[in-house]
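Structure record follows, encoded as structure tokens.
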Amino acid sequence: MKALRYENQKLAIANVDKPATDGEALVRVTLSGICNTDLEIARAYAGFEGTLGHEFVGVIEEVPAASSSESSGLLTPGQRVVGEINAGCGACDLCRSGDSRHCANRTVLGIVGRDGAHAEFLKLPVVNLLPVPPEISDERAVFTEPLAAACGILERVSIDNKTTVAVIGDGKLGLLCAQVIGTTGADVTLVGKHNTKLAIARRREIETKTISEVNKLSRHFDVVVEASGSPSGFELALDLLRPRGVLVLKSTFHDATEMNAARIVVDEISVVGSRCGRFAPALELLKSNAVDVESLISDEFPLAEGVRAMARAGEPGVLKVLLRA
């Protein structure tokens, strides 16, 4: 099969064997989405080598017979699915509780120890797969993983219609976070630099402000979500938070980040990390058309042109680039 792989400091389309399922499900990939994490890995971040990609929608090709009880008989060949990306050991307390996201021995699709989704086929444990409702198109379903990451904020922080929230960063993740938080009825403001991107949020009746405009709202917000990917967003977030506010970190900074700990202590700021979310809430939002993901699609390429697609995804102003297997 074809796969977009990063190996020996080189990004290329390679012909490789289909995954040996080893008791897992085999999925034929329909669409995959290029994420900033893919771009960072291709710059030698995290030491991962192999097939990139963790955002996908596909069709089940094979399901091990022994897994029928795990999946309650719901998953069968030919069914459209998306897949949670953390594959746990299955034996630790976290895995037995049904949440492998922090399993110490987990692999992560296209990121840690497991070939990813920019390929014609992938494998995942059956328990990781969720059926895609017929109301959700492939072009929307491929956003399930990043949308779930945005939904993960609501697992970590209590937000309701009395909460004032700022989301810093008008990229893909920031736009999804603002929309997800908006479903709670909270007063949400998206902060960014690019009018064309901010316009996507405004169409969903989300207030937007440029950085210069939001600087006038110092110490105004109960919760600030940092999703800019820039260390400067961290300092801006502290400027915007009220005393005893909550700072939610969605960005993973690969270089050292300076932090004014005194401000956090004096203002009694709670700092919360937020990474992966569960897929079921994201699928519900997609099914009900509660979020706009189509406007985030900048381009689509065939898998065979994956290297060119990665270059396109790294261009300024580009949002989501899709690969069709």
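The values are calculated or read from the model by the stated rules, or taken from the named source; none is laboratory data. For clarity, every value in this text was computed on a predicted model and none was experimentally measured. Cβ coordinates were reconstructed from backbone atoms using ideal geometry, including for glycine residues, and neighbour counts include every protein chain displayed. In case anyone asks, the SASA skips ligands and DNA or RNA and just uses the protein heavy atoms, side chains included. Shrake-Rupley method; radii C 1.70, N 1.55, O 1.52, S 1.80 Å.
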Practice item. Note the listed values [x] 150; [y] 133; [z] 188, then indicate which one is volume of the Cα convex hull per residue in Å³ calculated from this particular structure. Key: [y]
Study note, to complete from the structure: Of 17-27, 54-64, ordering from highest average Cβ density within 10 Å down gives 54-64, 17-27
Exercise for review: State whether region 37-147 is rounded, prolate or oblate according to the following rule on the C-alpha gyration tensor (a ≥ b ≥ c being the square roots of its eigenvalues): a/c under 1.5 gives rounded; otherwise a/b larger than b/c gives prolate, and the remaining case gives oblate.
Suggested key: oblate
Point to revise | Fluctuation leader among Glu268, Glu120, Glu284 - the chain, Gaussian network, Cα springs under 10 angstrom | key: Glu268
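Measure off, as a whole percent, the carbon and sulfur share of the 1.4 Å-probe accessible area of the chain, all protein chains present.
Of all accessible area on the chain, carbon and sulfur atoms account for 48 percent.
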Point to revise | Rounded accessible area per residue of the chain, 1.4 Å, Å² | key: 45
Check your understanding: According to a simple spin-label model (label point 7 Å from Cα along Cα-to-Cβ), what is the distance in nm between Ala44 and Val318?
Key -> 2.2
Study note, to complete from the structure: Restricting to lysines and to Cα separations under 30 Å from Lys172, and discarding same-chain partners fewer than 8 apart, the set is Lys2, Lys10, Lys123, Lys162, Lys193, Lys197, Lys209, Lys216, Lys250, Lys287, Lys320
Revision key, fill the gap. Quick calc: nm separation of the 7 Å Cα→Cβ label points for Val271 and Cys92 -> 2.3
Exercise for review: Please list, in chain and number order, the residues 5+ apart from Glu120 or on another chain whose amide H is under 5 Å from its amide H, with Hs placed from the backbone.
Suggested key: Lys2
Check your understanding: Short version: ³J(HN,Hα) in whole Hz for each residue of region 74-83, in order, from phi by Karplus 6.51 cos²θ - 1.76 cosθ + 1.60 (θ = phi - 60°), x for Gly and Pro, what are they?
Key -> 8, 9, 9, x, x, 8, 6, 9, 10, x
Study note, to complete from the structure: Expected max-MSF residue from Ala119, Ala150, Ala201 in the GNM of the chain (alpha carbon, under 10 Å) is Ala201
